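The structure under discussion appears below in the form of structure tokens.
No value in this document is a laboratory result; all are computed from the given coordinates. Keep in mind the model is a prediction, meaning the values are calculated, not measured. Cβ coordinates were reconstructed from backbone atoms using ideal geometry, including for glycine residues, and neighbour counts include every protein chain displayed.
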Amino acid sequence: MPKIKVKRASTTIDMTAMCDVSFLLLTFFILTATARQPEPLQVDTPASTVQIKVPDTDLGTITVGDDGKVFFGVTGQNIRMRMLERMSEKYSIGFSQKEKERFSLMEGFGVPIGNLKQIIAMDNSERNKKGLQPGIPTDSVGNNPSELHDWIIAARYATKEIDNKEMRVAIKGDAKEQYPSIKKVIDILQGQKVNKFSLVTNLRSEDY
Amino acid sequence: MAELNTGGKAQPRVDLTPMVDLAFLLITFFMLTTTLAKPHAMDVAMPDKDKENKDDNLELADNRTMTVLLGANNKISYYMGQLEKPLEGPTTVDYGKNGIRPVLLKKLKDVQAATGKGLIVVLRPSDHSSYRNLVDIMDEMKITNVQQYMIGDISDPEVEQLKKDGIY
């Protein structure tokens, strides 16, 4: 019996074009992604149904957690450097250029300004050890406003000088934190007429 | 010149399928981490604190005002009007869709029907309430679409009331 020859079409598809596209996209996403910085104070933010994201720039974040410890951080290295310059003038503590540069790479900090030099001198992993940084003082001393008040003012001025924008303030509190410690921060903000700020929350996943 | 053709030798081809698989996996990962990792922000506008004219306060209509006291153990106490002569309450409820939400929705409707104006909610967190409570109740305002609400300081009689209800 003669064999019937069936011509089979090849089932392989040329993957080159698809590969090109996918790697292009991959490159794009890798470059736009920002690496997550380690935070000196880990907080578990409460959940809400709000869908608005926090802005990326010109944002000062006040982190409250671990029984009322307050940490502060600003976005932007230039702004951080200028903020430190203003604070060093105000408290007459000199910082060298190297210290300023190291400070500008820190995401946030939570020490009284007298201890800031020691924290700057540490490396990243050491600095972010739990319980090392005691928090920024929030109580006013006599007639002088609290250190946190001064840091926020310095950050707002620095943002205005460099980016010519108003700094937005976000409060990132731990869900279990008692209200008085949050209230203290809100009062400091209101003391400098910042009446609008944001509360940082997670997305609520369960049915609420 | 004679062409060198050694017959049906196929061009060397590499199977790109696993590579594409991997690339797409990574794309998915980076896409999700960039958009999902960003925290959300709830905007708060506090009433301006005028230190010079402390008594420059606006009178609120009793029948439009609902005061919500945030107590300890995730409990809420609410009343309408003033604490000395409340129009309703104080009543203790829970958070969430079986607690404060039906109350708020009902009050919104009632006040709208009775006065033609919106409900005003005053939130007063006590010292024993947590930050989660504050965010929860503000979230509730967003969900029930209360247009006017504010965060105020709790007064001593209100603390007494919470103590009496056992949620301080």
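Taken along the Cα-to-beta-carbon direction at a fixed 7 Å, the label points for A:Ala121 and B:Asn74 span 4.7 nm. In terms of surrounding Cβ atoms within a 10 Å radius of their Cβ, A:Glu161, A:Glu99, B:Glu158 rank from fewest to most as A:Glu161, A:Glu99, B:Glu158.
For the peptide B:150-157, the mean number of other protein chain Cβ atoms found within 10 angstrom of a residue's Cβ is 1. When a/c reaches 1.5 or more, the comparison of a/b and b/c decides; with that in mind, is the protein assembly as shown rounded, prolate or oblate per its Cα gyration tensor? Since a/c reaches 1.5 but b/c is at least a/b, the shape of the protein assembly as shown is classed as oblate. The residue among B:Val122, B:Gly71, B:Leu104 whose Cα reaches farthest toward the positive pole of the charge dipole of the stretch B:62-165, with charges on the beta-carbon of Lys, Arg, Asp and Glu, is B:Leu104. Length gained on full extension, A:Ala9 to A:Tyr157: 46.2 nm, using 0.36 nm per residue less the C-alpha separation.
If a/c stays under 1.5 just call it rounded; otherwise compare a/b with b/c (prolate if a/b is bigger, oblate if not). Do that for the stretch B:62-165, with a ≥ b ≥ c from the square roots of the Cα gyration tensor eigenvalues.
Oblate is the answer for the stretch B:62-165, as a/c is 1.5 or above yet b/c matches or exceeds a/b.
Beta-bridge orientation, chain A: approximately 45 percent antiparallel, per DSSP, counting only bridges with both partners inside. Can you give the local net charge around A:Met83? Use residues other than it whose beta-carbon is closer than 12 angstrom to its beta-carbon, Lys and Arg +1, Asp and Glu -1. Neighbourhood net charge equals +3.
Legend: mean number of C-beta atoms from other chains within 10 angstrom of residue C-beta atoms, peptide A:40-50, equals 4. GNM on chain A, alpha-carbon springs under 10 angstrom: the most fluctuating residue among A:Asp174, A:Asp14, A:Asp56 is A:Asp14.
For the stretch A:33-184, the gyration tensor built on C-alpha atoms gives a rounded shape. Its axis ratio a/c (a ≥ b ≥ c) stays under 1.5. Largest mean-square fluctuation among A:Asp163, A:Asp123, A:Asp150, in a Gaussian network model of chain A whose springs join Cα atoms under 10 Å apart, belongs to A:Asp123. Per residue of A:193-202, other chain Cβ atoms within 10 Å of the residue Cβ number 5 on average. Among A:Lys130, A:Lys193, A:Lys100, the residue with the largest mean-square fluctuation in a Gaussian network model of chain A, with springs joining Cα atoms closer than 10 Å, is A:Lys193. Which entries in the list A:Lys90/A:Lys117; A:Lys196/B:Lys85; A:Lys183/B:Lys106; B:Lys109/B:Lys163; A:Lys69/A:Lys172; A:Lys69/A:Lys98 go over 23 Å, if you measure between the two C-alpha atoms of each? As for pairs spanning more than 23 Å Cα to Cα, those are A:Lys196/B:Lys85; A:Lys183/B:Lys106; B:Lys109/B:Lys163; A:Lys69/A:Lys98.
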